[in-house]
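Taken together, the values in this text are just the output of simple stated rules run on the coordinates, not laboratory data. Fair warning: this is a prediction, and the values are worked out from it, not measured in the lab. Because the Cβ atoms are built from the backbone with ideal geometry, glycine has one as well, and the counts that use them run over all protein chains shown.
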Amino acid sequence: MVVLLAGGAGFIGSHMAVELLNNNYDVIIVDNFQNSKKEVINRIKKLTGKDFLLYEYDLLDSLKLNEIFVSNKIDYVIHLAALKSVGESVLNPMLYYRTNLNITINLCEAMKNNGVKNIIFSSSACVYSEKNQMPLTEDSEIGNCSNPYGWSKFMSEQILKDISVQNPDWSVVCLRYFNLIGADESGEIGEYSENPKNLPPIILNVATSKLDFLKVFGNDYETLDGSCIRDYIHITDLVKGHISAIKYQEKHKGFDIFNLGTGKGTSVFELVETFEKINNVKIPLKIESRREGDIAISYCSVQKANDILNWKAEKMIEDACSDMWIWQNKNPFGYNKN
Ligand code: WQD
């Protein structure tokens, strides 16, 4: 079975490629390397001992993208290609809508034009409305997103849902990711970004003194310790959830949605304390004002994925803190040459 990984050289994509290759799927990676380094390709090959096709194309180029579908017999598409910073999307909404929506449309058109009928879409907890009760289920209210990133995922889900209605022989699965954390236990691949905006890599930058302190965006939320609560899911559990979704697609057509999280909420202060304890490092903090676009609490129910995909997260927040520190220490310069 051939799986096209759109955005396959990124943090999720690289871990997805390893998991697919280790499960004997054939993989095609398409990525413009805007948010990743070529070195990650060597690491995927080193970890799996397997080769795969790589296209260094921009997914916004629909002609180039169609070439890949014409040249290869593709069975599944996993759409991981998107800009993903909540804070950045507030500052640059047009970039987020143009990029995230056009890539979704380009992929669906290439699939339709070439008879490919299975897609897994990397959606997000950010599609849920802020006023929902916790835990978030797949039936919780969506929309009224607090940031353009969340809206772009909401709109992409709607595009896929409408396409699914017109193409009943397609299988469309939207996986709503919660907050990603951790790294492959080998320490060979991990989350690497020149200028990270999300919490886990920023904690690593403080732990290695690239930053003097961690800015905590608000300690006055209505939570136990005043900091925001999120559902941090280990990247290894997340990619295993995609394998379960592919197996589900082998037997099911239509449109489906599943939360991929742990079902547990962890505050910013709790995550920092866990990281400090597990790795015996100090993370200096500086309390700042709230970040626009943030919501106080977000964690999910994982009952549906458990019942239908027979999947649940196995790793704990402690494993993630340890694995991300191993990645950091093995790769002090990320994927840059040391
Ligand atoms: C988490 C918490 C910040 C940085 C993420 C992904 C997004 C999506 C949803 C998948 C918030 C606080 C952060 C810092 C801080 N995932 N924080 N200081 O906004 O929940 O979104 O999950 O689709 O792609 O980014 O993640 O890590 O930015 O923030 O205090 O320097 O950490 O305020 O409460 P977020 P995040």
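Give K73/K337; K215/K315; K153/K277; K197/K277 a once-over and call out the pairs whose C-alpha atoms are over 29 Å from each other.
Listed pairs above 29 Å: K73/K337; K153/K277.
Relative contact order, percent, of segment 202-284 when contacts are C-alpha pairs under 8 Å separated by at least 6 residues?
Numbers: 69 pairs, mean separation 32.0, N = 83.
Averaging sequence separation for qualifying contacts and normalising by length gives 39 percent for segment 202-284.
Tell me, what does the Kirkwood hydrodynamic radius of segment 14-93 come to in angstroms if you use every pair of distinct C-alpha atoms?
Taking the inverse mean of 1/r over all distinct Cα pairs, segment 14-93 comes out at 14.1 Å.
If one computes the Cα centroid of segment 296-333 and of segment 225-274, what distance in Å separates the two points?
Cα centroid to Cα centroid, the span is 7 Å.
Relative contact order of segment 47-128, please, whole-number percent, based on alpha carbon pairs below 8 angstrom and at least 6 residues apart.
For segment 47-128, the relative contact order is 41 percent.
For helix 268-279, report the angle its Cα long axis makes with the longest principal axis of the Cα atoms of the chain; keep it between 0 and 90° and round to the nearest 10°.
90
Round to the nearest 10 and give me the degree value, 0 to 90, for the angle of helix 148-166's Cα axis relative to the longest principal axis of the chain.
Rounded to the nearest ten degrees, it is 30.
Report, to the nearest 10°, how far helix 93-113 tilts away from the longest principal axis of the Cα atoms in the chain, using its own Cα long axis and a range of 0 to 90°.
Roughly 30 degrees, rounded to the nearest 10.
Over segment 196-338, what portion of Cα pair distances is larger than 28 Å, expressed as a whole percent?
Roughly 29 percent, once rounded to a whole number.
Do you know the relative contact order of segment 111-245, to the nearest whole percent, from alpha carbon pairs under 8 angstrom that are 6+ apart?
It comes to 23 percent, rounded to a whole number.
Quick check of the Kirkwood formula: for segment 95-194, what is the inverse mean of 1/r over all pairs of different Cα atoms, in Å?
Every distinct Cα pair counted, the radius reaches 15.2 Å.
Can you list residues whose amide H is under 5 Å from V77's amide H, if they're 5+ apart or on another chain and H is modeled 1.01 Å from N?
The answer is L4, N118, I119, I120.
To the nearest 0.05, what FRET efficiency results for K330 and E56 with a Förster distance of 30 Å applied to their C-beta separation?
Plugging the Cβ-Cβ distance into 1/(1 + (r/R0)^6) gives 0.70.
Of L214, L175, L260, which is the most mobile in a GNM of the chain whose springs link Cα atoms less than 10 angstrom apart?
Looking only at L214, L175, L260, the biggest GNM fluctuation is shown by L214.
Distances over 34 Å make up what percent of all Cα-Cα pairs in the chain?
When all Cα pairs of the chain are counted, 19 percent exceed 34 Å.
Which percent of Cα-Cα pairs in segment 170-256 sits in each 10 Å bin, short to long?
Calculated over all Cα pairs of segment 170-256, the distribution is 14, 32, 30, 18, 6, 0 percent.
With N denoting the number of residues in segment 1-142, provide Rg(C-alpha) divided by 2.2 N^0.38 Å, to two decimal places.
Rg over 2.2 N^0.38 Å, computed on Cα atoms: 1.11.
Quickly estimate the mean residue ellipticity at 222 nm for the chain, helices only: each DSSP H run with n ≥ 4 gives -39500 (n - 2.57), and the total goes over all residues, rounded to 500.
Value at 222 nm, helices only, nearest 500: -12000 deg cm²/dmol.
For segment 83-91, what does the Karplus curve 6.51 cos²θ - 1.76 cosθ + 1.60, with θ = phi - 60°, yield as ³J(HN,Hα) per residue in whole Hz, taken in order and with x for Gly and Pro?
Each residue's phi maps through the Karplus curve to give 7, 9, 9, 4, x, 5, 5, 5, 7 Hz.
Work out from phi, with θ = phi - 60° and the Karplus expression 6.51 cos²θ - 1.76 cosθ + 1.60, the ³J(HN,Hα) of each residue of segment 299-306, listed in order in whole Hz, and give x for Gly and Pro.
Once θ is set to phi - 60°, the couplings for segment 299-306 become 8, 10, 8, 10, 4, 5, 5, 5 Hz.
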